[in-house]
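The values are calculated or read from the model by the stated rules, or taken from the named source; none is laboratory data. Keep in mind the model is a prediction, meaning the values are calculated, not measured. Every residue, glycine as well, gets a Cβ built from its backbone with ideal geometry; the counts of neighbours run over all protein chains shown. Areas reflect the complete protein model, heavy atoms only, side chains present, ligands, DNA and RNA absent. Shrake-Rupley method; radii C 1.70, N 1.55, O 1.52, S 1.80 Å.
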Amino acid sequence: MRRILTVAFATLMPISAAAQMGQQAAVHGRAVAAEVKKLLDANYVLPDTRPKFDAVLAKGIAEGRYDVTDPEELVQRINADLHQVTPDKHLNMAYDPATSKQLAAEPPESGGDDAPPTPAEIAGAERHNSGLVQTRLLPGNIRYLETEGFIWAGNSTERAYDDAMRFLAGGDAVIIDMRKNGGGSPDAVRYLVSHFLAPNTPLMTFYIGSKPGQHTTALATTQAPRMVGKPLYVLTSGDTASAAEEFTGHVAGYKLGELIGENTAGAGFRNRFYPLPDGLVISISVGQAILASTGKGWEGVGFAPNTTVPVDQALEIAEAHALKRLASTASPEKRRPLEVQAAMLLARTTPVKTALIPAAYAGVYGERTVRADAGALTIERTGGGTSKLVAIGPNQFAYENDPGATVTFDVAGDRATALHLVRSDGSTADGTRTQ
């Protein structure tokens, strides 16, 4: 989408900011409401809903509900009334004099979510790397990409995606974080998802107004390697919306990977921006988006994750799932470190109950000393470093700073009596408790 990076006007100036800059001015509430009524009657995606908007706005005008001069108050009142009719997350007003003026000076079709980017928008996309905000190399050669919007700026965006896709393609598994991605351009979604699909795979049909359906397919060629079949994990939240849900829908519909996190927002319509009097702008849903993989849209329902977990735990769970999958096909010498790392990640989200209290493991075991401090265990080798121990079994612990290394305790009664260390490379060491 051109201007809409999220379903909540992320690119429009917040009302408070506009006021601080001295741009806030008195509005004519009745005239604004009348224009909103007219635009919805002509353009809203669901014709059967249009009379309901007409009725609620006519009632507000008749009762003087919009007879206010403060733009913030007017925005809140009209948005509240519109959302009595529908929870449509793309339907919103905002106060942004600069955008309103720009839209008013442009051709009528310029407010669409697929309009070509302006020079200012291209510059903004370059400053934000087209919404690709972070890449990371995780243990097990898992490659991570965080996105905060599907920004499209033509060649500039293509270059940003090509670089990111080359990085991901070098991994054994991929995690794409959509938890803060509120949407954006279908062009950017197409560019990204094409790397996980065969060429020319059907993607979407968009129905905008009375126009014939517009069909899209995966790109025939990509500059970076395709990753068809590579283990893929997508992190979701209630803020994953609009175009981000399109990507999520392709992953779910074509079974490209696993969704981990929370149900997405359910913002499935296409939208267009329209200028309003007095520096106001409205986003109106004007089209429907249908997935080729399912023949369905996602308005009002979103996408449920394959694995439901709190949003702040989604990355650790995805890492663990990826490591376990990689371990299942790894050679014996590589399998154990992957399994241990996965167990440690899962233990961070769901702590493992140990057979004994931490203090019962504390002691000297030959050249290694185990200490208990505030309920946490550490292990130190004489002349060596110290590592925190993370419980992954009743009497088994992983080294936090050495993924793949574990120590298992023998227990007699209420105390540990010996330990058995297995290093990441498979070598071992034992120690009998002396203190």
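Given a 1.4 Å probe and the protein chains as shown, Asp70 ends up with an accessible area of around 60 Å². Backbone phi angles across the stretch 211-222, fed through the Karplus curve with coefficients 6.51, -1.76 and 1.60 (θ = phi - 60°), yield HN-Hα couplings of 6, x, x, 9, 9, 10, 9, 5, 4, 5, 9, 10 Hz in residue order; Gly and Pro are listed as x. On full extension, the segment bounded by Ser210 and Thr378 gains 53.7 nm, given 0.36 nm per residue less the C-alpha separation. What's the local net charge at Ser156, with K and R +1, D and E -1, over the other residues with C-beta under 12 Å away? That works out to -3.
On the principal axes of its alpha carbon atoms, the stretch 255-373 extends 79, 40, 21 Å, with the longest extent given first.
Legend: translational diffusion of the stretch 328-435 by Stokes-Einstein, Rh = Kirkwood radius over C-alpha pairs, 4 °C, 1.567 mPa s; D = 93 µm²/s.
Of the residues Thr222, Pro358, Ser185, the one whose Cα sits farthest towards the positive end of the charge dipole of the chain is Pro358 (charges of +1 on Lys and Arg Cβ, -1 on Asp and Glu Cβ, taken about the Cα centre).
Entry note: the stretch 178-251 has Rg to Rh equal to 0.99, where both radii use alpha-carbon atoms and Rh is the Kirkwood radius.
Our helix-only sum for the chain, with -39,500 (n - 2.57) per DSSP H run of n ≥ 4 divided by its residues, gives a mean residue ellipticity at 222 nm of -9500 deg cm²/dmol. Give me the compactness ratio for the chain, meaning the Cα radius of gyration over 2.2 N^0.38 Å. Taking N as the residue count of the chain, the ratio is 1.24. Spatial offset of the stretch 309-344 relative to the stretch 374-435 amounts to 20 Å, using the alpha carbon center of each.
For the stretch 52-68, putting each phi into the Karplus relation 6.51 cos²θ - 1.76 cosθ + 1.60 with θ = phi - 60° gives couplings of 5, 4, 4, 5, 5, 6, 4, 5, x, 5, 5, 8, x, 5, 9, 7, 10 Hz, in residue order, rounded to whole numbers and with x for Gly and Pro. Annotation: amide H-H contacts under 5 Å for Gly366 (H modelled 1.01 Å from N, sequence separation of 5 or more, or interchain): Thr432, Thr434. How large is the Kirkwood hydrodynamic radius of the stretch 307-364, in angstrom, based on all distinct alpha carbon pairs? Averaging 1/r across every pair of different Cα atoms and inverting gives 13.0 Å.
Computed from point charges on the beta carbon alone (+1 for Lys and Arg, -1 for Asp and Glu), the dipole magnitude for the chain about its Cα centre is near 840 Debye. If you wrap the tightest convex hull around every Cα atom of the stretch 131-234 and split its volume per residue, you get 102 Å³. Cα centroid separation, the stretch 147-180 to the stretch 29-52: 38 Å. Counting only Cα atoms, the size of the stretch 156-211 along its three principal axes is 45, 28, 23 Å, in decreasing order. Taking amide H as placed 1.01 Å from N in the peptide plane, Gly300 has its amide H under 5 Å from the amide H of Ala267, Gly268, each at least 5 places away in sequence or on another chain.
Annotation for the stretch 228-304: trypsin sites (Lys or Arg not before Pro) lying in DSSP loop with at most 16 further Cβ atoms inside 10 Å of their Cβ are Lys255, Lys296.
Panel note: the C-alpha atoms of the stretch 233-272, placed on their principal axes, show extents of 31, 19, 10 Å (largest first).
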